[in-house]
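> The structure's right below; bear with me while I get my questions together.
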Amino acid sequence: MADKSLDERLGGVLKPLRYLTIRVLYPKSEYKDDILKSVKRVSDEARKFEGLVEIGAWLDKENDRIVNISLWESKEHASKATGEMHLMFANIPWSEWERKPDENFLGLTRSLSE
C-alpha cells in the first residue's frame with residue numbers, strides 16, 4: 001500500500017488546491033449602491049483574468065455588510081490579477097464609503113472534497 005498515492009488510498013477524492021479570498025465590506029448606508037457598483041466593476045474585470053474559478057458578492061442584510069468572495073485556481077493567479085486590478089481601481093474611495101475598515105481573508109485553501 002505504500003506505493004499508492006494519497007489520492008488513490010482515499011478513493012480519488014482529492015481535488016486540486018484552490019485559493020479563496022473573502023473581503024467583508026461594511027458600507028455606510030448612503031454609499032451602499034456605490035460600493036455594490038464598484039464591486040461589480042471589480043468582479044467584471046476579474047473575470048478577464050486567467051485562473052478565476054468564481055467571483056461574486058453577497059448581501060448580508062441582517063449584519064449590514066457585503067461579502068465578496070473569489071476563488072482562484074492558484075495563489076499565483078490571484079496575486080497577478082489582484083496586483084493589476086489594484087492599479088485599475090485605486091481611485092475608488094473605499095475607506096470613505098465604509099463605516100469601518102473591511103476585513104480580508106486571503107489564502108484559504110481546501111484540498112479535500114466534501
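> For a quick check: sort Asp34, Asp64 by the number of other beta carbons within 10 angstrom, fewest at the front.
Listed from fewest to most nearby Cβ atoms, that is Asp64, Asp34.
> So how strong a dipole does the range 16-108 carry about its Cα centre when Lys and Arg Cβ are +1 and Asp and Glu Cβ are -1, to the nearest 20 debye?
On the way: 15 positive and 17 negative charges, 8 e Å.
In debye, rounded to 20, the range 16-108 gives about 40.
> Which net charge results when you count Lys and Arg as +1 and Asp and Glu as -1 among the other residues whose beta-carbon is under 10 Å from that of Val67?
It works out to a net charge of 0.
> Which residues among the range 43-84 fall inside the zone where the amide N is under 15 Å from a point 7 Å beyond the Cα of Leu17, along Cα→Cβ?
72-79
> Can you give the net charge of the other residues whose Cβ lies under 12 Å from the Cβ of Trp94, counting K and R as +1 and D and E as -1?
Neighbour charge sum, excluding Trp94 itself: 0.
> Would you mind calculating the gained length between Glu96 and Lys75 on full extension (0.36 nm times residue separation, minus the Cα-Cα distance), in nm to one decimal?
4.6 nm
> Let me ask another. Beyond 19 Å between alpha-carbons counts as too far, so tell me which of Lys28/Lys80; Lys40/Lys75; Lys32/Lys80; Lys48/Lys75 fall in that bin.
Beyond 19 Å between Cα atoms: Lys28/Lys80; Lys40/Lys75; Lys32/Lys80.
> Can you give the net charge of the other residues whose Cβ lies under 13 Å from the Cβ of His77, counting K and R as +1 and D and E as -1?
Residues close to His77 contribute a combined charge of 0.
> Please identify which residues in the range 74-88 have an amide N closer than 11 Å to a label point set 7 Å out from the Cα of Glu50, following the Cα→Cβ vector.
77
Each reported figure results from applying straightforward, stated rules to the coordinates on display, with no laboratory input. These figures come from a predicted structure and were not determined experimentally. FYI the Cβ positions are ideal-geometry reconstructions off the backbone, even for glycines, and counts take in every protein chain you see.
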